[in-house]
Amino acid sequence: MGKTILKFLRGSDVEKQYHETVYSMMITDALTGIPNRRFLKEFLDRELTRAHRHKRPLSVAIIDLDHFKAVNDQYGHLAGDVVLREVSNRIRGSIRRDEVFARYGGEEFAMVLPESNLQQAASFSERVRLLVSRLPVSVDASRIPVTVSIGIAHTLGEELTPDELFARADKKLYQAKAAGRNRVVWQ
């Protein structure tokens, strides 16, 4: 009562399902249904440790929807939500089981690509860019054109934190935006 949460459960299956549901809610973005930033960082931390231990390649890409504020301003926030869900659905289908695609925050998404060198990550990111931009998103009677800018960072196993690798990818993302948007920057 007050600031106390009481939980009444009987049976190990109910208890297990309860904890699985709570954990799933903690690591899933409610709007898009994909993993959230918390899960992304935990996954990347594990993969960076593995890449460092085995001196294996690992790439991270940050994806930002171009001019998303204008979408919200012109079509409304509900339309903006539809755009975020549609973009995440388009990308989600191209991600392999050992990779992660997650909502990084706002209109930014991120991909963690284990065992992908810089060229492979750049090629895949270009396919993602084309996948998003090839069709406008339909919201009611409107067809909203959507493009993305993508920045890629890479490691060959040097010891890095998730924040350091994200900072590298974010720098490349800003270069993509400064160069005119709707592009992938990795070098």
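Yes or no, residue by residue, for (1) under 20 Å from the mean Cα position of the chain (by Cα); (2) at pLDDT 95 or above; (3) under 19 Å from Arg37 (Cα atoms):
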residue	(1), (2), (3)
Leu48	yes, yes, yes
Asp73	no, yes, no
Ser94	yes, yes, no
Asp98	yes, yes, yes
Gly105	yes, no, yes
Arg129	yes, yes, no
Ser133	yes, yes, no
Of the residues that make up region 135-144, is at least one closer than 21 Å to Phe39 by Cα and modelled with pLDDT of 95 or more?
no
Looking at Val83, Val60 in this structure, which one is in a strand (DSSP E or B) and surrounded by 14 or more Cβ atoms within 10 Å (Cβ to Cβ)?
Val60
Collect the residues in region 110-130 that are part of a helix (DSSP H, G or I), open to solvent by 40 Å² or more (accessible area, probe 1.4 Å) and of a type outside the set (Gly, Ala, Ser), keeping them in residue-number order.
Leu118, Gln119, Gln120, Glu126, Arg127, Leu130
Would it be correct to say that Arg103 is basic (Lys, Arg) and either part of a strand (DSSP E or B) or surrounded by fewer than 17 Cβ atoms within 10 Å (Cβ to Cβ) (or both)?
yes
If you go through Glu126, Glu115, the only one that is in contact (Cβ under 8 Å) with a residue 24 or more places away in the chain, acidic (Asp, Glu) and over 18 Å from Arg181 (Cβ atoms) is Glu115
One residue is enough: does region 25-33 have a residue meeting the conditions assigned to a helix (DSSP H, G or I), under 28 Å from Ile91 (Cα atoms), modelled with pLDDT of 80 or more and open to solvent by 90 Å² or more (accessible area, probe 1.4 Å)?
no
Determine the pairs where a residue that is over 13 Å from Ile62 (Cβ atoms), located within region 151-163, has a partner that is assigned to a strand (DSSP E or B) with Cβ atoms under 7 Å apart, the partner being 6 or more residues away or on another chain.
Thr155/Leu58
On the given criteria, is Ala176 under 15 Å from Ala121 (Cα atoms), in contact (Cβ under 8 Å) with a residue 24 or more places away in the chain and open to solvent by less than 20 Å² (accessible area, probe 1.4 Å)?
no
Would you mind stating whether Leu78 is open to solvent by less than 30 Å² (accessible area, probe 1.4 Å) and either assigned to a helix (DSSP H, G or I) or at positive phi (or both)?
no
Return only the number of the condition from (1) over 30 Å from His54 (Cβ atoms); (2) open to solvent by 40 Å² or more (accessible area, probe 1.4 Å) that Val148 does not satisfy.
(2)
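The values are calculated or read from the model by the stated rules, or taken from the named source; none is laboratory data. Everything numeric in this text was worked out from a predicted model, so none of it was measured. Virtual Cβ from ideal backbone geometry, glycine too; neighbours counted across all protein chains shown. These area figures cover heavy atoms from the full protein model, side chains too; ligands, DNA and RNA do not enter into them. Shrake-Rupley method; radii C 1.70, N 1.55, O 1.52, S 1.80 Å.
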